[in-house]
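**Student:** The structure that follows is given in the form of structure tokens.
The values are calculated or read from the model by the stated rules, or taken from the named source; none is laboratory data. In this text, all values refer to a predicted model and were calculated from it rather than measured experimentally. Cβ atoms come from the backbone with ideal geometry, glycine included; neighbour counts cover every protein chain shown. Side chains included, ligands, DNA and RNA excluded: accessible areas come from the protein's heavy atoms. Shrake-Rupley method; radii C 1.70, N 1.55, O 1.52, S 1.80 Å.
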Amino acid sequence: MRLFCRRFMLAACAAILFGGAAPAQDYPSRPVKIVVPYPAGGSNDIIARIVAQKLSERSGQNFLVENRGGAGGNVGAEAVAASEPDGYTLLLTAPPPLTINAAVYKSLPFDPSAAFAPVALIASVPIVLAVHPSLGVKDVKGLIALAKAKPGTINFGSSGIGTTNHLAGELLKSKAGIDIVHVPYKGAAPAMNDLIAGHIPMMFDNIPAVLPQVQAKTIKAIAVAGAKRATALPDVPTVAESGVPGFEASAWFGLVAPAKTPAPVLAKLVSEVEAILKLPDVQKRFTEFGAEPASISGAAFGRFLADETAKWTKIIQSSGATVN
């Protein structure tokens, strides 16, 4: 684990030192592809499209979002890892391909700690525990009581095995001592559709996807998974407040490039992303659906990835979550 985390930091330093023939002032000279390793419609997709639009406006070149889902984000991440390291193929992703999947999957076709050059943390997003009204619970204590009374009968959905939303459910199982059954989906949007329809009674999901449905009263938010309450849902307590001390899980979205991308190109990407995240209209669009712009880039983002890898690996090992 120490070696794995150290590789992330070394990759970040190497990205800074690595020179390249493509001068920053000429980048981008043609369209840039931003791969989102999940289906369209989820939080990752929403954030990527906001970033892509602003990068397009500032550069005069098209930044195009390509959704390439599958294998918990590994399909899209592998495609970027194998692409030419010239800055014209980027990955904007949630945590799994970078910090979780190496511990969940028995083998990966790429090494997440060495395959990417960190660019920037784009945003952090609270995770919300939401239930369908038919479940008949109003809070976490009621959910725990029901789960203990009917062990193994309550399903919880997620956007896939090894996602932060899945692991938040595993963490609740562990800390609350309950037996609930995981139902993985191929992305957050289909899972949310089934929650709305009542096909699954509960799930952890990112607040951008949850908030509109809570406002429409099709589902009920009973807790926030993070360390503090969400600004967009100030009346919803945290899971820790609700009788599960020490519970904390949150989501984030980061931008990376293939390893060995020229340092001038990485530096320009970092500069442009930092500028975009300071724009009032971007901050407004993020906060409208519950996301918070981040401010970690370059080598600091590499260190962040190493820390996240260590944290999630510990949770995964204690939960026993694996993918064959």
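**Student:** List every residue whose amide H lies under 5 Å from the amide H of A259, counting only residues 5 or more places away in sequence or on a different chain, with H placed 1.01 Å from N in the peptide plane.
**Tutor:** F116, A117
**Student:** For H182, tell me the accessible area in Å² from a 1.4 Å probe, rounded to the nearest 10.
**Tutor:** 40
**Student:** Convex hull over the alpha-carbon atoms of region 227-288: what's its volume per residue in Å³?
**Tutor:** Output value, Cα hull per residue: 109 Å³.
**Student:** Report for region 89-224 the percent antiparallel among DSSP-assigned beta bridges with both residues inside it, nearest 5.
**Tutor:** 60
**Student:** A further question follows. Would you kindly find the accessible area of E84, with a 1.4 Å probe and non-protein molecules such as ligands, DNA and RNA excluded, rounding to the nearest 10 Å²?
**Tutor:** Here the residue's solvent-accessible area equals roughly 120 Å².
**Student:** Can you give me the long-range amide H partners of H182? Hydrogens built in the peptide plane at 1.01 Å from N, cutoff under 5 Å, separation of 5 or more residues or another chain.
**Tutor:** For H182, the qualifying residues are F156.
**Student:** Step through the residues of region 60-74 one at a time and calculate ³J(HN,Hα) from phi using the Karplus curve (6.51 cos²θ - 1.76 cosθ + 1.60, θ = phi - 60°), rounding each to whole Hz and writing x for Gly and Pro.
**Tutor:** Values, residue by residue: x, 10, 6, 9, 9, 8, 10, 7, 9, x, x, 6, x, x, 5 Hz.
**Student:** For region 179-315, build the charge dipole from Cβ charges (+1 Lys, Arg; -1 Asp, Glu) around the Cα centre, then report which of L211, F253, M192 sits farthest towards its positive end.
**Tutor:** The residue sitting most towards the positive pole is F253.
**Student:** Another question, then. Of all the accessible heavy-atom surface of the chain, with the other protein chains kept in place and a 1.4 Å probe, what percent is carbon and sulfur?
**Tutor:** 54
**Student:** Let me ask something else about it. What distance in nm lies between label points placed 7 Å from Cα along the C-beta direction at K217 and K138?
**Tutor:** 1.5
**Student:** Here's something else I'd like to know. Hey, what angle do you get for helix 2-17 against the long axis of the chain, alpha-carbon based, 0 to 90 degrees rounded to 10?
**Tutor:** Result, in degrees: 40.
**Student:** To the nearest 20 debye, what charge dipole does the chain have about its Cα centre, counting +1 at the Cβ of each Lys and Arg and -1 at the Cβ of each Asp and Glu?
**Tutor:** About 480 debye.
**Student:** From the Cα gyration tensor of region 51-129, with a ≥ b ≥ c the square roots of its eigenvalues, which class applies: rounded if a/c is under 1.5, or else prolate if a/b is larger than b/c, or else oblate?
**Tutor:** Because a/c hits 1.5 or more and a/b fails to exceed b/c, region 51-129 counts as oblate.
**Student:** K150: which lysines have alpha carbons under 28 Å from its alpha carbon, excluding same-chain residues fewer than 8 sequence positions away?
**Tutor:** The qualifying lysines are K138, K141, K173, K175, K186, K217, K220.
**Student:** Taking a probe of 1.4 Å, how large is the accessible area per residue of the chain, in Å²?
**Tutor:** In whole numbers, the chain has 41 Å² accessible per residue.
**Student:** Evaluated at 25 °C with a viscosity of 0.890 mPa s, what Stokes-Einstein diffusion coefficient in µm²/s does region 141-241 have when Rh comes from the Kirkwood expression over alpha-carbon pairs?
**Tutor:** Once the numbers are plugged in, D ends up at 178 µm²/s.
**Student:** Right, another one. Roughly how many whole Å is it from the C-alpha centroid of region 57-89 to that of region 120-144?
**Tutor:** Cα centroid of region 57-89 versus Cα centroid of region 120-144: 30 Å apart.
**Student:** Non-local amide H neighbours of I34 (under 5 Å, H modeled in plane, Pro and chain starts lacking H): which ones?
**Tutor:** L64, V65, E66, L90
**Student:** Given contacts defined as C-alpha pairs under 8 Å and at least six residues apart, what's the relative contact order of region 90-215, whole-number percent?
**Tutor:** 31 percent.
**Student:** Sort L269, L171 from largest to smallest accessible area, using a 1.4 Å probe on the heavy atoms of the protein chains.
**Tutor:** Accessible-area ranking of L269, L171, largest first: L171, L269.
**Student:** Rounded to the nearest 10 Å², what accessible area does E288 have for a 1.4 Å probe in the complete protein model?
**Tutor:** Spelled out: E288, probe radius 1.4 Å, area about 110 Å².
**Student:** Still on this model: Can I get the semi-axes of the chain's equivalent ellipsoid? Compute them from the C-alpha gyration tensor as square roots of 5 times the eigenvalues, in angstrom, largest first.
**Tutor:** Semi-axis lengths for the chain are 34, 21, 16 Å.
**Student:** Ignoring ligands, DNA and RNA, how do D235, D205, D194 rank by accessible area with a 1.4 Å probe, largest first?
**Tutor:** Solvent-accessible surface, decreasing: D235, D194, D205.
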